[in-house]
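Heads up: the structure comes next, in structure tokens.
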Amino acid sequence: MAVALEELYREVEPMYDMHLVTKSCFHKVIEWTHIVENPEFIELLHGDELIFSAGIQYTSEEWLMDFVQRLIEAGTGGLVLSLHEGSCYPQRIVDYCNRKKFPLFSSGWKTPYLDVMRIFASILLENEQRDTNLNEALKNAIYYPEHEAAYLHHFEHNGFYRNMHYIMAILSCHAYREGEENKRLQELAKQLQYSDFRGVVVTDEDRLLIMVADKTVKQVQRIFQKICKQDMQVYVGIGDVVMRLQDLEDSYEHAMVAYQLTKTAIATNLLVYDELGVYKVLSDLRHEDTGEAFIREVLGELIDYDEKENTDYLDILKAFFENECSIVHTAQAMYCHKNTMNYKMNKVKEILGYDIMSNENRTRIMVALYFMKMRG
């Protein structure tokens, strides 16, 4: 529902005596407007409101500084204050707001606040309806792609056309969830909604679904790299490019593959589907039973032996393949003598009952180990 303050200001500046005093609107977004005269009511605000005040209690510079500081602490998006003709904000207040990146506006004593607020409310409500339509359109495109009437009209009405290209991404940060609320996810949704890309951001089951229009995969990757680098508790999977709105489901499914691998097989919090290598092939085997059956076929004897005898031969086999099938390097990685490691690898071969170094069996073991990583 939020709208950029700069956009709201552009709408009323030609019509009313209302002027920006600070350097800019500081990229603030506004969710609603309120009239506040008594500072004691500021604690009831929710944040991101644009505050209007006639300045009835404005009797000194100290009072105004306290008023502004409280508004900033409450997370509001700016202040519009009525000033008598010939009056202006104290420079100390303006300098403070510039440092804090808090937009200040002055208005004439006769500026009709109710008319200005009515215009803002109309824009905010129209934007809320647009967001609702686009959110539903994106979900319908992903989950019911065959029902084109449920999403094509809303996309095209808002400038997302069939001949553009699109990429889906999935983001989560479950570590910040407290009960039913995840404030960090809400912050990221707002941040992405007002980033410098055209798209749609939807909250769906404690995740964000992000559709980005007319960007390359590398450009989309850069959008999320900064977020993921700053916060390792944020996980993102990025799909591939699709050339039609009707194919958003495909990009979403590939984004989901990449997203799920960040939490299981690959130790990173940002993955791009096009860079998954062998995992792309394995992910196309969509039935979980296929992977489990293959693991049992290739490694079942070893898994059962470890469970029965409380040994770690499967871990030794994993380390062996992670170290290019080198006895020396595996021994170093596991802090044991190479002769000991050689004995253990012979035991692994004995338990499995086949030659693990033949080309075919090496491939089968590596695929089985990849499947095990994918399941977590």
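Structure summary
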| item | result |
| --- | --- |
| Over region 316-376: Kirkwood hydrodynamic radius from C-alpha pairwise inverse distances, Å | 12.0 Å |
| Cα gyration tensor, region 198-286 - rounded (a/c under 1.5), prolate or oblate | rounded |
| Viscosity 1.567 mPa s, 4 °C: Kirkwood-radius Stokes-Einstein D of region 76-231 over Cα pairs, µm²/s | 68 µm²/s |
| Within the chain, percent of DSSP bridges classed antiparallel, to nearest 5 | 60 percent |
| Burial order of peptide ranges 176-185, 338-347, 45-54 (average beta-carbon count within 10 Å, highest first) | 45-54, 338-347, 176-185 |
| Average accessible surface area per residue within region 54-146, 1.4 Å rolling probe, Å² | 51 Å² |
| For region 172-183, Karplus couplings with θ = phi - 60° (6.51, -1.76, 1.60), whole Hz, Gly/Pro x | 9, 8, 4, 4, 9, 6, 10, x, 9, 10, 9, 5 |
| Note, ³J(HN,Hα) from phi for region 214-221, Karplus 6.51, -1.76, 1.60, rounded to Hz, x at Gly and Pro | 6, 10, 7, 4, 4, 5, 5, 4 |
| Links that overshoot a 21 Å alpha carbon limit, given the list LYS226/LYS263; LYS28/LYS218; LYS100/LYS226; LYS28/LYS100; LYS183/LYS229 | LYS28/LYS218; LYS100/LYS226 |
| Most positive-pole-ward Cα, SER326, GLY277, VAL367, against dipole of the chain from beta carbon charges | SER326 |
| Region 174-213 versus region 34-73: alpha-carbon centroid distance in Å | 30 Å |
| Alpha-carbon Rg with Dmax, taken over the chain, Å | 29.1, 95 |
| Heavy-atom SASA rank of ASP250, ASP240 (probe 1.4 Å, accessible area, largest first) | ASP250, ASP240 |
| Net charge over other residues, Cβ less than 11 angstrom from the Cβ of LYS101 (K, R count +1; D, E count -1) | +4 |
| Distance cut-off 11 Å, percentage of C-alpha pairs in region 1-43 lying past it | 73 percent |
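The values are calculated or read from the model by the stated rules, or taken from the named source; none is laboratory data. Keep in mind it's a predicted model, so treat the numbers as computed, not measured. Here Cβ is always computed from backbone atoms with ideal geometry, including for glycine, and neighbour counts include all displayed protein chains. Heads up: the accessible areas ignore ligands, DNA and RNA and are worked out on the full protein's heavy atoms, side chains in. Shrake-Rupley method; radii C 1.70, N 1.55, O 1.52, S 1.80 Å.
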